[in-house]
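Chemist: I'd like to ask some things about the structure below.
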Amino acid sequence: MHKIKVNNQEVEVVRKDIKNLHLAVHPPDGRVRVSSPLLLDDEAIRLAVILKLHWVRRQQTKFKGQDRQSIREYLTGESHYLWGERYLLNVIYHQAPPKVEIQNKSKIDLYVREGSERDKREEVLQEWYREQLKAGIPDLISKWEEIIGVEVNDWGVKRMKTKWGTCTIEAKRIWLNLELAKKPPLCLEYIVVHEMVHLLERHHNERFVALLGQFIPKWRLHRDELNEAPLAHEEWEY
């Protein structure tokens, strides 16, 4: 990968074994990336970007106006999300092991011991998010293994700052971003399928896009929904 300048706009260029040029603007800050055929030179890429600059600027403006969560302090009254729905956090002190419960589809009750510091409250809630996410993944993988015709040997959940998911092809293992527990369920399914399709096609090339479109015809809508959901203070992207 290398970078070029187009009218003061920095553009990442990645050359791949593909037929057509693909231009993308990525959240949260409007990073511009071009996937280019191997033999296309920088001047041709620059011209292609110039012709699309108005579209690039519109996308960047949209991302700048996107809702963002402030840094979470895990205090009563804060907004937190589960499966795309907004909840108010309610911190309850009690002398028993910590736990988390949903109340009336509007509040997340976080039970912790008196004097628990912010990091402990975060740890308890993040573990709860992990449990919610893990509960939904096995059925999705089983469903799509049959449809796609691949087998996932292993999967896991972890916090990632640059990807919503990854796939280790040789081990047939997929990893999913813990933050997906906060996004709508279709976003999780889209990422699961995205990573599983990598077991058929390693690269994000035309074949990969065609396969993804075959399995999830409306995948772009799910991707856009994922990118348009309120962003956490960390700068996640996909």
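Chemist: Identify all residues within segment 203-237 that are touching a His at 6+ places or on another chain (Cβ under 9 Å) and modelled with pLDDT under 70; write none if there are none.
Modeler: Scanning segment 203-237 gives a single hit, E237.
Chemist: To continue, here is another question. Residues of segment 153-191 being in contact with a His (Cβ under 7 Å, 6 or more places away or on another chain) and surrounded by 17 or more Cβ atoms within 10 Å (Cβ to Cβ), which ones? Give the steps one after another, and end with the answer.
Modeler: So the first thing to find is which residues in segment 153-191 are in contact with a His (Cβ under 7 Å, 6 or more places away or on another chain), and the list is 165, 167, 169, 186-187, 190.
Across segment 153-191, the qualifying residues are G165, C167, L186, C187, Y190.
Chemist: For segment 62-74, state whether one or more residues are aliphatic (A, V, I, L, M) and in a loop (DSSP other than H, G, I, E, B). Talk me through it step by step, then tell me what you get.
Modeler: Filtering segment 62-74 down to residues aliphatic (A, V, I, L, M) leaves 71.
Then drop every residue that is not in a loop (DSSP other than H, G, I, E, B), which leaves 71.
Scanning segment 62-74, I find at least one residue that is aliphatic (A, V, I, L, M) and in a loop (DSSP other than H, G, I, E, B), so the answer is yes.
Chemist: Of the residues I45, I92, I71, which single one is out of contact with any helix residue (DSSP H, G or I) (no Cβ under 6 Å at 6 or more places or on another chain), of a type in the set (V, I, T), in the same structural domain as F208 (by TED's automatic domain parsing) and in contact (Cβ under 8 Å) with a residue 12 or more places away in the chain?
Modeler: Values: I45 fails: in the same structural domain as F208 (by TED's automatic domain parsing); I71 fails: in the same structural domain as F208 (by TED's automatic domain parsing).
Sole residue among the options that is out of contact with any helix residue (DSSP H, G or I) (no Cβ under 6 Å at 6 or more places or on another chain), of a type in the set (V, I, T), in the same structural domain as F208 (by TED's automatic domain parsing) and in contact (Cβ under 8 Å) with a residue 12 or more places away in the chain: I92.
Chemist: Please specify each residue of segment 157-201 satisfying the condition of being small (G, A, S) and out of contact with any helix residue (DSSP H, G or I) (no Cβ under 9 Å at 6 or more places or on another chain).
Modeler: If we filter segment 157-201 for residues that are small (G, A, S), which is where we start, we get 165, 171, 181.
Passing the criteria: only A171.
Chemist: Among G30, G65, G77, which is the only one that is at pLDDT below 90 and at positive phi?
Modeler: Working: G65 fails: at positive phi; G77 fails: at pLDDT below 90.
Going through G30, G65, G77 in turn, the sole match is G30.
Chemist: Further, regarding this structure: Can you find, within segment 132-146, the residue that is nearest to K158 (Cα to Cα) among those that are exposed (fewer than 12 other Cβ atoms within 10 Å of the Cβ) and not aliphatic (A, V, I, L, M)?
Modeler: Restricting attention to segment 132-146, the residues satisfying the condition of being exposed (fewer than 12 other Cβ atoms within 10 Å of the Cβ) are 135, 138-139, 142, 146.
After this cut, where a residue has to be not aliphatic (A, V, I, L, M) as well, the list is 138-139, 142, 146.
Numbers: P138: 16, D139: 19, S142: 20, E146: 25 Å.
Checked segment 132-146; the qualifying residue nearest to K158 (Cα to Cα) is P138.
The values are calculated or read from the model by the stated rules, or taken from the named source; none is laboratory data. As the structure is a prediction and not an experimental result, all values here were calculated from the model. Glycine also receives a Cβ, built like all others from the backbone with ideal geometry; neighbour counts cover every protein chain displayed.
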